[in-house]
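Take a look at the structure set out below.
The values are calculated or read from the model by the stated rules, or taken from the named source; none is laboratory data. No experiment lies behind these values; they were computed from the predicted model shown. Please note: Cβ atoms are built from the backbone with ideal geometry, for glycine as well, and neighbour counts cover all protein chains shown. Protein only, heavy atoms only, side chains kept; ligands, DNA and RNA dropped before computing areas. Shrake-Rupley method; radii C 1.70, N 1.55, O 1.52, S 1.80 Å.
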Amino acid sequence: MAARSIATLTVSFGLVSIPVKLFSATEASRAISFNLLHKACGSRLKQQYICVKEEVPVAREDMAKGYEFAKDQYVMFSPEELKALEEAGTHTADISEFVPIESIDPVYFDKAYYLAPDKGGAKPYALLAEALRKSSRCALGRWAARGKQYIVMIRPVEDGLVMQQLLYAGEVRSIKEIEIPKTEVKDAELKLAQQLIEQQTSEKFDPALYTDEVRARIETAVQKKVEGQEITMAEEPEGGAQVIDLMEALRASLEKKGAASVKPGQAAQPAESRKPPKRAAQAAQSATKKAAKR
């Protein structure tokens, strides 16, 4: 099934305007959710709001939005006042600068959208995508939608462009707020850790190698319930042993990965039974001379 465009907008940089179509890059509908039910009869429950002062249910038409400026003290806003505060949608992503892609920490990444050229936009779209690839840069700008203003990053991918919403600086905590003790790393430990990394290194990230096992488990359980089967709780895995010797843990990890890389049917030869190349050659020469004398 072909993807559906959720919006159209114009990407502009300098005097160049690119009409594009917007597609959601993720699928929220893929998430599994549960409804609240009445345990006695299995009927679905309705949400109800209770006034904490009068302890009575409040109908939606009697509700208003307010901002808590002090403990239990609010200023109330009408729907018209809130509407006036919203950012007007411009249907334009105005590029303000270009920066190296690696200069943006992924911690700032928010929702992602795919961009495709709209009518008349194929040529400038291809030009921007190729220029960004060649320069190893991405475009930064602003986009207003749904009453809000967003920072957006437009970056090139193999087949086109992705528009990534970014979080504002005030929405991201600094890692300096977390207490991380300074610890000395020994050269020998670092060398083994680097070897372990090399053993587990891949050329690129392949998301197909990772599956959502929890989702699959829930889907299986739901199907069993639908079919009237009872569900048994899986036993919790035992916790791993506490690492006491870091060097030994690194060596054991390397040996485990090394053993895993041996092809099926090929037994790993113990180190003690392997002859050094020089001794093996001398043994072969001695055996040849004895055979010639006979």
> Mind checking which residues of the range 185-216 are without any contact (Cβ under 8 Å) to a residue 12 or more places away in the chain and not in a loop (DSSP other than H, G, I, E, B)?
Replying inline: Asp187, Leu190, Lys191, Gln194, Ile197, Glu198, Pro207, Ala208, Leu209, Glu213, Val214, Ala216
>> Restricting to the range 20-39, name every residue that is out of contact with any Pro (no Cβ under 8 Å at 6 or more places or on another chain), surrounded by 10 or more Cβ atoms within 10 Å (Cβ to Cβ) and hydrophobic (A, V, I, L, M, F, W, C).
In response: Leu22, Phe23, Ala25, Ile32, Leu37
> When only residues in the range 152-184 that are of a type outside the set (Asp, Glu), free of Cβ contacts under 8 Å to residues at least 40 places away in the same chain and outside any loop (DSSP other than H, G, I, E, B) count, which is least open to solvent (accessible area, probe 1.4 Å)?
Replying inline: Pro156
> Which one is nearest to Leu22 (Cα to Cα), of the residues in the range 107-123 that are more than 23 Å from the chain's Cα centre (by Cα) and surrounded by 18 or more Cβ atoms within 10 Å (Cβ to Cβ)?
Replying inline: Pro117
